[in-house]
1. Beta carbons within 10 angstrom, averaged per residue: use that to sort the peptides 5-18, 62-75, highest first.
2. For L195, what accessible surface area do you get with a 1.4 Å probe? Give it in Å², rounded to 10.
3. At what distance in angstrom do the alpha carbon centres of the stretch 223-256 and the stretch 33-66 lie from each other?
4. In the set (i) 1.22; (ii) 0.91; (iii) 1.06, which value of Cα Rg over 2.2 N^0.38 Å was calculated from the structure you see?
5. Tell me what the chain gives for mean residue ellipticity at 222 nm when only DSSP H runs of n ≥ 4 count, each as -39,500 (n - 2.57), the sum divided by the residue total, rounded to 500 deg cm²/dmol.
6. Round to the nearest 10 and give me the degree value, 0 to 90, for the angle of helix 287-297's Cα axis relative to the longest principal axis of the chain.
7. Given the options R192, R43, R122, which has the most mean-square fluctuation in a GNM of the chain, springs set between C-alpha atoms less than 10 angstrom apart?
8. Pairing the Cα long axis of helix 205-220 with the longest principal axis of the chain, what angle in degrees results, from 0 to 90 and rounded to the nearest 10?
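The values are calculated or read from the model by the stated rules, or taken from the named source; none is laboratory data. The model shown is predicted, which means the values in this text are computed figures rather than measured ones. Neighbour counts run over all protein chains shown; Cβ positions are idealised from the backbone, glycine included. Note: areas computed on protein heavy atoms with side chains; ligands, DNA, RNA excluded. Shrake-Rupley method; radii C 1.70, N 1.55, O 1.52, S 1.80 Å.
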Amino acid sequence: MAHNLEQRDGRASAAYVGETPWHTLGEKLAPGATVEEAFTKSRLNYPVQLGHIQARLSYDHAPVRADGYRAVMRGDNGAVLGVVSPRYTPVQNAELAALAQVFNSDGRVTVETMGVLGIGERVWIQARWSNPLELQGGDTLMPFLVITAGHDGRHPVSVFNSVTRVVCKNTLNAAFHAGKKHHTIRHTGDMRTKLQEVGRALSASDRAISEFGAYASFLQSKTVTVAEAEEFWLKLVPNDSGRSKNIRTALADSFESAPGAQATRWGLVNAVSHYVDHKRAVRGAGGDTGRLTSALFGTGADIKTKALQLAGV
């Protein structure tokens, strides 16, 4: 597969409001689209369920049911998304949408993007909070609520805040400084109750977002020299392999030339974000849609969080 967005009937299973997202695929929605509309257009509206697994040594042997395992399956087409223990509790995409709807119904968030990755084993919902952050020098941060889930038995439900730097569409995970507001839910027990608890916890997101804005302003106030920037890249990517050296060179280039570049700790963080979102080569998945997976879930998200931590030291 050339990219990670699900392709079905010649279309990508994704929807968005506003400008075309940087993965460039999906169905455009009208401004003010509801969660329900985005849920349908992004084709997240499939159920997941558990099925029994059978195994056999060869075609000459009768199948034996593997009672200690279950298959997570799509209810619409029967695709197997993962293998789990009988203790695994599926979370439905509709339940994730209901969590977003709690904040959409009272105007605190508006729908931004939704989509399906792979064959349906991972999904995401992104909604924009209504309180943008204005930093010094005209830098604007747009906060988002991100909800992701894995149906493959390997990834939990995650709910967290992120911010996009409007000047160059870079995304940052805001969980680091914003009170550690990264909620992770394992697929065991009463998932509905757990989602309701997360919904209550997110009611404090206004405060968390403001805290992140204060942290960004602090980083913006701290200028850095070329030598300090080089030391930062070495701490962030700390080995002497050829690939690491190339990454440090690319980071330094983003620090110098990315839109809105500035010689501050905030500039260092945003150089990392620009590199991850727009320039980084992603193994096993091509182009911008491969970066989407990495930026939301993988090593791209990890390196951004590390950069935020290092910048504050």
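1. Working: 5-18: 18.1, 62-75: 14.1.
Averaged packing, sorted descending, gives the order 5-18, 62-75.
2. 10 Å²
3. 44 Å
4. (iii)
5. Details: 9 runs with 107 residues, N = 313.
Using -39500 (n - 2.57) per qualifying helix, the result is -10500 deg cm²/dmol.
6. 90 degrees
7. Between R192, R43, R122, it is R192 that shows the largest mean-square fluctuation.
8. Taking the Cα atoms of the chain, the angle to 205-220 is about 40 degrees.
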